[in-house]
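All remarks here apply to the structure that follows.
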Amino acid sequence: EQLVESGGGLVQAGGSLRLSCAASGRTFSSYVMGWFRQAPGKEREVVARINWNGGSTIYVDSVKGRFTISRDNAKNTVYLRMNSLKPEDTAVYYCAAGRTLYNYDLWGQGTQVTVSS
């Protein structure tokens, strides 16, 4: 079982990125998925969560209206579209899989997102 993130990079403030997380080894559609981030010197925080069929999503207040989480169960992939990026969005972004929206037991290795001012 593994999750592999991609799509991170360096972008200017106001720009956009789309992160992808490809899952293997488990029945992807049975799991909720989440995107988390951890900035240097800060605790990891949940950014967005999505239920098994994409019908329910939850966002942290700081990204509402700018980030969109989605999933394609046929491709075993979850996405995080990030628009209007700000320097404070700079962090390592991780995807995770779990049985509920509040418990995750499988994590990816992370992808770095750096937003320059």
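Positive contributions from Lys and Arg (+1) and negative ones from Asp and Glu (-1), summed over other residues with Cβ under 15 Å from the Cβ of residue 8, come out at +1.
Listed by chain and number, the lysines placed with their C-alpha closer than 22 angstrom to that of residue 42 are 64, 86; residues fewer than eight positions away on the same chain are left out. Taking max minus min of the alpha-carbon positions on each principal axis, the stretch 54-117 gives extents of 37, 25, 23 Å, largest first.
Report the FRET efficiency, 1/(1 + (r/R0)^6), for residue 66 and residue 102, where r is their Cβ-Cβ distance and R0 is 22 Å, rounded to 0.05. After rounding, the FRET efficiency stands at 0.45.
Shape annotation for the chain: C-alpha extents along the principal axes are 40, 25, 25 Å, from largest to smallest. Which percent of the accessible area of the stretch 25-106 is formed by carbon and sulfur heavy atoms (probe 1.4 angstrom)? The C+S portion of the solvent-accessible surface of the stretch 25-106 is 45 percent.
Counting Lys +1, Arg +1, Asp -1, Glu -1, what net charge surrounds residue 25 among other residues with beta carbon under 13 Å of its beta carbon?
On the way: positive: 26; negative: 1, 105.
Combined, the nearby Lys, Arg, Asp and Glu give -1.
Work through the residues other than residue 46 whose Cβ is under 12 Å from its Cβ and net out their charges, Lys, Arg +1 and Asp, Glu -1.
Values: positive: 37, 44, 49; negative: 43, 45, 61.
Taking every other residue near residue 46 into account, the sum is 0.
For the stretch 4-20 versus the stretch 77-117, the spacing of their alpha-carbon centroids is 10 Å.
At the residue level, residue 5 shows approximately 10 square angstrom of accessible surface with a 1.4 angstrom probe and all protein chains present. Only Cα sites of the stretch 1-40 enter the Debye sum here, all with the same form factor; the resulting log10 I(q)/I(0) across q = 0.25 1/Å is -0.99, listed in q order. Protein-only accessible surface at a 1.4 angstrom probe places the residues 60, 47 in the order 60, 47, largest first.
The values are calculated or read from the model by the stated rules, or taken from the named source; none is laboratory data. What you see is a predicted model; the values in this text were computed from it and never measured. Don't worry about glycine lacking a Cβ; one is built from the backbone with ideal geometry, like all the others, and counts go over all protein chains shown. These accessible areas exclude ligands, DNA and RNA; they are computed on the full protein's heavy atoms, side chains included. Shrake-Rupley method; radii C 1.70, N 1.55, O 1.52, S 1.80 Å.
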